[in-house]
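The values are calculated or read from the model by the stated rules, or taken from the named source; none is laboratory data. No experiment lies behind these values; they were computed from the predicted model shown. Counting neighbours? That spans all protein chains shown, and the Cβs are built from the backbone with ideal geometry, glycine included. Areas reflect the complete protein model, heavy atoms only, side chains present, ligands, DNA and RNA absent. Shrake-Rupley method; radii C 1.70, N 1.55, O 1.52, S 1.80 Å.
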Amino acid sequence: MIENALSEQAGVVLLGPRQVGKTTLALDIAETRDAVYLDMERSADRQVLAEPDLYLDEQAGRLVVIDEVQLMPGLFGALRGQIDRRRRAGHRTGQFLLLGSASDSLLQQSAESLAGRVSYHELTPLVLGETGQGALPQLWLRGGFPDSFLAASDRASLTWREDFIRTYLERDIPSFGLRIPSETLRRFWTMLAHEQGGC
């Protein structure tokens, strides 16, 4: 699906929560073509794109994979210009693969700057059609995040989920601009889970 989208559009935005396999998928795609990978959580990669046109002009004709793109919101305007210049130079498809969370700010910024230049695809946790009917009890208990689903034991899976939730509440939620203490959110989530489980 992503390969097909890259063959039809200048850029692809791959959205989804952390730990569903976006980076793994992107790196697999990058291995099959002339590509460069940048991770905006790495300060060295952010510095490379401090003057984006200087770097990206040198990468014309290559697939540029930018992970955690939502961490550099100012980049979208430069990407719009890059896509337009590359199209005029004959590079119409497969130029950018942008990875990020499905946050409102990412969707709004990319939609404003990249409308008609990129296609959007969402990568979700594993679903029953991917795991098979025989894995329903395990999928129900462990959830669809690959590391949790494939953990060596139920205990290891639970530990992974607890760590994931802690990181999400303490790091990711505040990055969306919400200023609710993580412990309050945890209690609220627990209440919702009990309510949902009791239905």
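So for the chain, taking the charge dipole from beta-carbon charges (+1 Lys/Arg, -1 Asp/Glu), which of SER119, SER101, ALA193 sits furthest toward the positive end?
SER119
Which angle between 0 and 90 degrees, to the nearest 10, do you get for helix 182-197 versus the longest principal axis of the chain when only C-alpha atoms count?
The helix 182-197 is inclined about 60 degrees to the chain.
Bin width 5 Å, alpha-carbon pairs only: give the P(r) of the range 9-56 as whole percents, running from 0 to the bin holding the largest distance.
Bin by bin from 0 Å, the calculated values are 5, 16, 20, 27, 24, 7, 1.
Quickly estimate the mean residue ellipticity at 222 nm for the chain, helices only: each DSSP H run with n ≥ 4 gives -39500 (n - 2.57), and the total goes over all residues, rounded to 500.
Values: 11 runs with 100 residues, N = 199.
That calculation yields -14000 deg cm²/dmol at 222 nm.
As a test of reading the structure, rank SER157, SER175 by solvent-accessible area (1.4 Å probe, protein chains only), most first. Walk me through the intermediate numbers first.
On the way: SER157 0, SER175 85 Å².
In descending accessible area the options line up as SER175, SER157.
Using bins 5 angstrom wide from zero, how does P(r) for the range 29-140 break down, in % of all Cα pairs?
2, 10, 20, 21, 18, 10, 7, 6, 4, 2, 0
What is the percent carbon and sulfur in the accessible area of the chain, measuring with a 1.4 Å probe over the protein chains and ignoring ligands?
On the way: 6010 of 11220 Å².
So the carbon and sulfur contribution to the accessible surface is 54 percent.
May I ask for the net charge around LEU71, where only other residues with Cβ less than 11 Å from the Cβ of LEU71 are counted and Lys, Arg are +1 while Asp, Glu are -1?
On the way: positive: ARG42, ARG46; negative: ASP39, GLU41, ASP45, ASP67, GLU68.
Local charge sum for LEU71: -3.
If one computes P(r) from the Cα atoms of the range 116-173, what percent of pairs lie at distances over 14 Å?
On the way: 1012 of 1653 pairs.
Cα-Cα pairs in the range 116-173 separated by more than 14 Å: 61 percent.
So what is the relative contact order of the range 16-117, in percent, for Cα pairs below 8 Å that sit 6 or more residues apart? Working shown, then result.
Values: 118 pairs, mean separation 32.1, N = 102.
Worked out over the range 16-117, it gives 31 percent.
So what is the accessible area of the chain per residue, in Å², with the probe set to 1.4 Å?
Working: 11220 Å² over 199 residues.
Value for the chain: 56 Å² per residue.
Please give the net charge around TYR55, taking every other residue with its beta carbon less than 13 angstrom from that of TYR55, where Lys and Arg add +1 and Asp and Glu add -1.
Numbers: positive: ARG46, ARG62; negative: ASP45, GLU51, ASP53, ASP57, GLU58.
Local net charge: -3.
Given the convex hull over the Cα atoms of the chain, what projected area results after averaging over all orientations, in nm²? Don't skip to the answer; put the middle values down first.
Working: hull surface 53.0 nm².
The number I arrive at for the chain is 13.2 nm².
Report the per residue volume, in Å³, of the convex hull enclosing the C-alpha atoms of the range 92-199. Don't jump to the answer; show the numbers that get you there.
Working: hull volume 17.8 nm³, N = 108.
Taking the convex hull of the Cα positions in the range 92-199, it is 165 Å³ per residue.
With all protein chains present and a 1.4 Å probe, how do HIS121, HIS91 order by accessible area, largest first? Please report the intermediate quantities before stating the final value.
On the way: HIS121 40, HIS91 70 Å².
In descending accessible area the options line up as HIS91, HIS121.
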